[in-house]
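The values are calculated or read from the model by the stated rules, or taken from the named source; none is laboratory data. Remember, predicted model here, so these are calculated numbers, not experimental data. Glycine also receives a Cβ, built like all others from the backbone with ideal geometry; neighbour counts cover every protein chain displayed.
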Amino acid sequence: MTIQDIVAKLGATVALGEERMDMEVEHAFASDLMSDVLTLKDTPVLVTGLCNVQTIRTCDMASLEVVVFVRNKRPTEDMIELAEDNDMVLICSQYSMFKTCGLLWELGMKPLY
Amino acid sequence: MHQEYTVIEGDFVNAGKASSSVKKTLKQLNVNPQVLKRVVVALYEAEVNAIAHAYGGKVLVDIDADKIKMVVADKGPGIPDIAWAMEEGHSTARPEVRDMGFGAGMGLPNMQKNVDKLNVTSEVGVGTTVEMEVNFH
C-alpha cells in the first residue's frame, strides 16, 4: 500500500512529505519508547504518541522515514525542519494509538514481530 | 579522520547531533547502510546516556578505511555497578529522561548488540568512558 492509502484510511493530515504520497510501505511498529525503536532491524512506519524532537532524531538514527503521530499531536517547527533534512514523512492521526493501529491492521499493514 | 563533539548535561534538544553528523560523514564515505545504522544507533545511545545520566562530556570519533572507533567520555557521576547497568531493563533514569522516550534500560545492551567491540569503564565521582569499535567489512 502507499502512504496515500494510510492517510485516507486514517482521515489524517500530512505535516510533511506531501510529495511522497506514492511511496510503498508494508510494515508498521507502534511505540512511545524510543529505546525500543532503536532496536529495530527493519524500517517500518512508526506509529507513536511521543511528539518531540527526539522522535525525529531516533527515526533518523534508525533510518525510519514515515511517522504517524496519534491523538492529533502536531510536530513543532523544529521537528519539521529536522525531519525535512532527513526526507521524512510526518502524518497526524486524530485517533488514539489503539484505533490508529486497528485501522492500519484493517488496511493490511503487517507487524514486524 | 578525527572528529570531536561536546555534549551538555540535560541538553535533549541537541541530543543526537554528534551521531547525526557522524551519519552524514559515513554516508559520504559510502559505508554499507546496515553497518552505518549499527554505528549511529550505538553512538546515539551513548550520546543520549551522556546527556541523560551524566554531567555532559565528549564524543571522539576516529574513522579509517576499515573501521570506526568511538569514545564517549562523560564527567560523572559514574556507574557503581557496570554489570548491573549492562543488563536489559536496568536504569536509573530520571522522569524527564523517560518523557523523551528513553530510560528503559536498553541503551548499554543495545550498544553491545550493534558494535564489534565495546569497553565500558567507570569510576564513581569521576566519570564513565564507553569505547566502541565497528568494522566496516
Name the pairs whose Cβ atoms lie under 7 Å apart, with the first residue in the range B:62-90 and under 23 Å from residue B:8 (Cα atoms), the second of a type in the set (Ser, Thr, Tyr) and assigned to a loop (DSSP other than H, G, I, E, B), and 6 or more positions between them or separate chains?
-> B:74/B:55; B:75/B:55; B:76/B:55
Quick check: anything in the range B:56-64 farther than 26 Å from residue A:55 by Cβ and in contact with a Leu (Cβ under 8 Å, 6 or more places away or on another chain)?
-> yes
Matching residues in the range B:5-20 - criterion: being within 7 Å of chain A (Cβ to nearest Cβ), assigned to a loop (DSSP other than H, G, I, E, B) and not hydrophobic (A, V, I, L, M, F, W, C) | B:16
Residue hits (the range A:27-55; more than 9 Å from chain B (Cβ to nearest Cβ) and closer than 16 Å to residue A:75 by Cβ) are A:45, A:46, A:47, A:49, A:51
For the range A:79-113, enumerate the residues that are surrounded by 14 or more Cβ atoms within 10 Å (Cβ to Cβ), assigned to a helix (DSSP H, G or I) and not β-branched (Val, Ile, Thr).
-> A:79, A:82, A:83, A:97, A:99, A:101, A:103, A:104, A:107
When residues of the range B:1-50 are limited to those that are out of contact with any Leu (no Cβ under 9 Å at 6 or more places or on another chain) and basic (Lys, Arg), the one surrounded by the fewest Cβ atoms within 10 Å (Cβ to Cβ) = B:24
Name every residue in the range B:57-88 that is closer than 14 Å to residue B:124 by Cα and modelled with pLDDT of 90 or more, in order of residue number.
-> B:73, B:74, B:75, B:77, B:78, B:79, B:80, B:81, B:82, B:85
Please identify the pairs in which a residue from the range B:91-119 that is more than 9 Å from every other protein chain (Cβ to nearest Cβ) has its Cβ atom under 7 Å from the Cβ atom of a residue that is of a type in the set (Phe, Trp, Tyr), counting only partners at least 6 apart or on another chain.
-> B:93/B:102
